[in-house]
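Step one of this worksheet: look at the structure below.
The values are calculated or read from the model by the stated rules, or taken from the named source; none is laboratory data. Computed from a prediction, not measured in an experiment: that's the story for all the values here. As a convention, Cβ positions derive from the backbone with ideal geometry for all residues, glycine included, and neighbour counts pool all protein chains shown. These accessible areas exclude ligands, DNA and RNA; they are computed on the full protein's heavy atoms, side chains included. Shrake-Rupley method; radii C 1.70, N 1.55, O 1.52, S 1.80 Å.
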Amino acid sequence: MVASGGMIARKGATLSSSGPEIEYEQAYLTTLYQRLDQLREQADTRLRAILLEAGGTPQGRTQREATRSHYAEQLAQFNSVENGLCFGRLDFSAQNPRYIGRIGLFAADRDRDPLLVDWRAAAARPFYLATAVSPDGVTRRRHLRTRGRVLTGIDDEILDIEAGDGTGREDVTGEAALLSALTANRTGRMRDIVETIQAEQDEVIRSGLPGALVVQGGPGTGKTAVALHRAAYLLYTYREQLTRSGVLILGPNTTFLRYISQVLPSLAETGVLLATLGDMFPGVRARAVEPPAAAALKGSPHMLDVLENAVADRQTVPDQFVEVDHDGYPVRIERAVLEDARAVARRSGRPHNVARQLFVTEAIHQLSLQIAERIGADPLGGDNLLSEADLAETRRELREDVDVQQALFDFWPVLTPRQVLRDLLTDDDRLESAGCTPAERALLLRDRDAGWTPADVPLLDELAELLGIDDTLKVREQQRQRRAAIEYAEGVLEIVEGSRSLDFEDESAEKDEILSALDVVDASAFVERHEVLDTRTAAERAATDRTWAFGHVIVDEAQELSPMAWRLLMRRCPSRSITAVGDVAQTSELAGSTSWEQIFEPYVAQRWRLVELSVNYRTPAEVMAVAADILAAIDPALRPPRSVRSAGVTPWARRVPAATLAEELIADVRKEAALIEEGRLGVLVPERLEASLGAELVAAIPGAAVGEQPDLLNHVVLMTVRQAKGLEFDSVLVVAPDEIVAESPRGLSDLYVAVTRATRHLGVLHTDDLPGVLSSLA
Ligand SMILES: Nc1ncnc2c1ncn2[C@@H]1O[C@H](COP(=O)(O)OP(=O)(O)OP(=O)(O)O)[C@@H](O)[C@H]1O
């Protein structure tokens with residue numbers, strides 16, 4: 001089933017939608033859905049029963065809550081696999097056939113072989129790996145095409161050498177099903193590929209949990225798809241471990257996260273945290289935009305020194321001294337005393353807020369000696385008259401003196417990451433003092449009310465490490481919360497108590513005979529009983545906890561992360577169980593990386609594994625030929641991935657006058673949108689033109705999506721290349737490619753990304769000469 005040029009084309013082995021085979025498979029499918037309905041009903045009945053239960057001991061309620069969430073999860077899982085429940089069948093020379101699906105199903109007695117094998121189980125693996133050359137006992141692989149619960153078609157592959165097609169191409173399995181998936185219209189949401197995972201992708205998906213795995217692949221090689229299916233595989237295989245610790249998937253922006261958001265739920269997996277770098281500091285949603293050069297500087301390791309200096313600058317001393325009143329006498333706190341205390345606290349190497357205790361202790365020690373000098377001096381010139389116990393008492397009094405405390409805290413204040421970073425980035429003097437050059441200051445300085453940017457997040461995280469949390473403050477805060485809860489409980493119990501007389505006419509009889517709430521429970525016990533049970537998933541809890549250690553971290557577009565962002569991620573993943581997928585030829589962030597060694601060496605030395613994906617499933621050969629010229633200009637040593645199919649449509653370029661660019665573009669958008677019918681059209685423009693062309697497009701085509709977070713479900717979407725990272729469209733119109741190239745030092749990579757977003761058509765509109773790398777379109 002391979003067309004000329006090593007590409008696939010649909011042929012043979014597809015059965016019509018009637019006949020005994022279809023009837024047989026339809027009957028089997030119906031049995032599977034009946035079993036699914038049964039299980040769904042069981043889970044539903046149990047869930048309802050639990051929801052009706054009430055009361056019980058705290059342990060009983062915890063248990064009930066766990067059971068409730070188990071059945072709720074099961075129900076959601078059964079609902080999510082309704083479409084495409086079963087998609088394949090394997091026939092063996094010496095075993096019963098095996099049906100492959102989104103989840104595993106057993107008959108009620110569980111005695112026999114499974115009715116349906118989960119695609120992630122080892123028993124399903126030949127479905128993805130068996131070829132005519134190495135059939136692994138498989139004689140036939142059958143793809144079942146369904147709509148809802150109805151079988152609409154069957155694609156068969158007979159796996160024996162004689163039946164092979166003689167082209168020697170053994171790297172594509174399930175060609176008919178694959179081709180139909182690849183040529184289907186895009187919908188604005190990524191689909192799962194569970195029915196047609198290819199062998200090289202399967203290897204990545206099923207790699208073991210430990211260690212750092214880097215998946216390098218050109219555009220359209222399925223890196224994102226593989227990353228998501230790997231998450232589903234790991235959750236299935238290491239369920240217990242990962243349910244507790246959680247899996248994080250980090251994507252480049254929120255539009256992209258929305259694009260991939262349906263894939264894991266369709267694979268019946270929901271316990272994964274999808275986030276962007278901007279979400280990785282709890283309490284902050286960093287969405288503000290800044291110049292790429294500023295983001296690059298914030299991402300560089302130089303910021304480590306800057307931040308350390310910025311914290312040290314907050315540990316101050318007076319010019320000479322400060323004086324406070326203590327116990328009716330003035331106490332002078334000399335600069336030298338504070339310098340000594342600061343040196344002791346800094347030498348400890350503890351984070352700023354934690355070392356504060358040392359600073360205070362040391363300063364108070366010195367002050368107590370000073371006081372002893374004054375009040376204990378022997379008039380006869382002998383030793384100081386104060387005993388050790390007197391000194392200890394003096395220290396205690398100093399420590400408890402609010403004025404003394406306040407004076408010391410002024411020189412070593414409790415700091416928060418946000419406060420330090422905001423103060424730093426809005427104050428030229430602080431930036432200078434922290435070691436920034438004038439050029440760096442010009443890049444970093446911003447208004448006080450400007451929002452956080454994604455590049456600020458690793459800096460906040462770094463500061464959180466440098467500052468630490470003063471445990472005494474934490475304990476005090478916990479005590480405060482508990483006191484507040486008890487006060488609240490007392491209020492509740494008072495209400496209960498107060499309302500009793502309303503229910504009973506004879507108050508005295510009531511008081512004698514009926515136990516009140518306050519007789520059996522006091523406020524603090526009440527708080528204990530009503531402490532909120534934490535029933536959130538690991539992913540949900542991780543989202544609110546900066547120090548959460550994930551069981552596995554998956555990074556998409558990993559080449560774009562800065563060194564500072566990697567530091568943050570590695571802190572979230574102390575086990576270094578990481579999958580990084582990306583393409584160093586597509587790096588567009590200035591602080592991003594063009595070398596995987598550079599990223600991983602500092603953290604795992606040589607202990608990381610590189611796997612390369614070589615086949616492009618998205619971009620047809622005609623478009624990839626255009627992209628190959630751009631890639632050669634980025635780095636002649638890089639090879640483009642091989643397209644798996646051709647679209648039969650030639651990419652085009654058209655020169656238009658700059659003055660009428662918008663008009664011409666709108667005409668082309670109308671034409672292209674009509675050609676792709678239900679598909680999606682992406683218009684990719686330089687940053688400079690985004691707002692103006694966006695406004696004109698929306699005025700002419702009201703449904704078009706533009707702006708910061710365009711809705712990908714729309715038929716026509718206009719965006720910058722940066723926004724289009726990781727996305728794809730049936731048709732792509734690239735506008736002003738020369739500007740896209742000129743806008744950034746990584747402009748060629750941006751153009752490469754732009755043209756490789758197309759699944760069928762590519763058109764280019766230019767007002768100036770075409771860049772040399774697009775000369776094949778001239
Ligand atoms: N085995 C497969 N079966 C069906 N479709 C596939 C398969 N592998 C990849 N695809 C499809 O190819 C397209 C590209 O996949 P994906 O977005 O994961 O590529 P990528 O390597 O992340 O690309 P890029 O680096 O350009 O963002 C998607 O539509 C995906 O569904």
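Listed here are the residues, each with its yes/no results for (1) touching a strand residue (DSSP E or B) at 6+ places or on another chain (Cβ under 8 Å); (2) modelled with pLDDT under 85.
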site: Leu129; (1), (2): no, no
site: Pro135; (1), (2): no, no
site: Arg140; (1), (2): yes, no
site: Thr152; (1), (2): yes, no
site: Glu162; (1), (2): no, yes
site: Gly166; (1), (2): no, yes
site: Asp171; (1), (2): yes, yes
site: Ala177; (1), (2): yes, no
site: Leu182; (1), (2): yes, no
Checklist entry - So Leu235 clears everything in (1) farther than 30 Å from Ser595 by Cβ; (2) within 10 Å of the ligand (Cβ to nearest atom) except one condition, right? Which one? => result (2)
Checklist entry - Which one of these is modelled with pLDDT of 85 or more and open to solvent by less than 40 Å² (accessible area, probe 1.4 Å): Ala72, Ala76? => result Ala72
Checklist entry - Does Ala372 qualify as being under 46 Å from the mean Cα position of the chain (by Cα) and surrounded by 13 or more Cβ atoms within 10 Å (Cβ to Cβ)? => result no
Checklist entry - Can you spot a residue in the stretch 306-324 that is open to solvent by 30 Å² or more (accessible area, probe 1.4 Å), closer than 30 Å to Phe550 by Cα and not hydrophobic (A, V, I, L, M, F, W, C)? => result yes
Next on the checklist: With the structure loaded, tell me whether Thr243 is closer than 22 Å to Arg576 by Cα and surrounded by fewer than 19 Cβ atoms within 10 Å (Cβ to Cβ) or whether it fails that test.
Outcome noted: yes
Item to check | Yes/no for Thr187 being open to solvent by 40 Å² or more (accessible area, probe 1.4 Å), within 11 Å of the ligand (Cβ to nearest atom), in a loop (DSSP other than H, G, I, E, B) and among the hydroxyl-bearing types (Ser, Thr, Tyr) | outcome: yes
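Residues checked against (1) in contact (Cβ under 8 Å) with a residue 60 or more places away in the chain; (2) surrounded by fewer than 24 Cβ atoms within 10 Å (Cβ to Cβ):
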site	(1), (2)
Val615	yes, yes
Val623	yes, no
Ala627	yes, no
Thr650	no, yes
Checklist outcome for this item: Of those in the stretch 657-701 that are touching a helix residue (DSSP H, G or I) at 6+ places or on another chain (Cβ under 7 Å), of a type in the set (Gly, Ala, Ser) and more than 19 Å from Asp768 (Cβ to Cβ), the residue surrounded by the fewest Cβ atoms within 10 Å (Cβ to Cβ) is Ala700
Checklist entry - Limited to the stretch 190-227, what total is found for residues that are assigned to a loop (DSSP other than H, G, I, E, B) and within 10 Å of the ligand (Cβ to nearest atom)? => result 14
Next on the checklist: Cβ contacts < 7 Å: first residue farther than 18 Å from Ile197 by Cα, restricted to the stretch 73-96; second residue among the charged types (D, E, K, R), any location; separation 6+ or different chain. Result?
Outcome noted: Leu75/Arg40; Leu75/Asp44; Phe78/Arg40; Asp91/Arg140; Asn96/Asp113
Next on the checklist: So, Tyr259, is that one touching a Gly at 6+ places or on another chain (Cβ under 8 Å), within 27 Å of Pro641 (Cα to Cα) and either within 14 Å of the ligand (Cβ to nearest atom) or open to solvent by 10 Å² or more (accessible area, probe 1.4 Å) (or both) or not?
Outcome noted: yes
Checklist entry - Ser575 fails exactly one of the following numbered conditions: (1) under 18 Å from the mean Cα position of the chain (by Cα); (2) open to solvent by less than 20 Å² (accessible area, probe 1.4 Å); (3) not hydrophobic (A, V, I, L, M, F, W, C). What is the number of that condition? => result (2)
Item to check | Single unsatisfied condition, Ala107 versus (1) open to solvent by less than 50 Å² (accessible area, probe 1.4 Å); (2) farther than 15 Å from Val194 by Cα; (3) without any contact (Cβ under 8 Å) to a residue 60 or more places away in the chain; (4) of a type in the set (Gly, Ala, Ser) | outcome: (3)
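Conditions (1) exposed (fewer than 12 other Cβ atoms within 10 Å of the Cβ); (2) at pLDDT 80 or above; (3) under 30 Å from Ser646 (Cβ atoms), marked per residue:
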residue	(1), (2), (3)
Gly6	no, no, yes
Ala13	no, no, yes
Pro20	yes, yes, no
Thr30	no, yes, no
Gln42	no, yes, no
Ile50	no, yes, no
Gly55	yes, no, no
Pro58	no, no, no
Arg61	no, no, no
Item to check | Matching entry among Val611, Val644 (being surrounded by fewer than 23 Cβ atoms within 10 Å (Cβ to Cβ) and within 13 Å of the ligand (Cβ to nearest atom)) | outcome: Val611
Checklist entry - What helices (runs of 4 or more DSSP H) lie completely within the stretch 384-430 and have 2 or more residues being of a type in the set (Gly, Ala, Ser) and without any contact (Cβ under 8 Å) to a residue 60 or more places away in the chain? => result 388-400
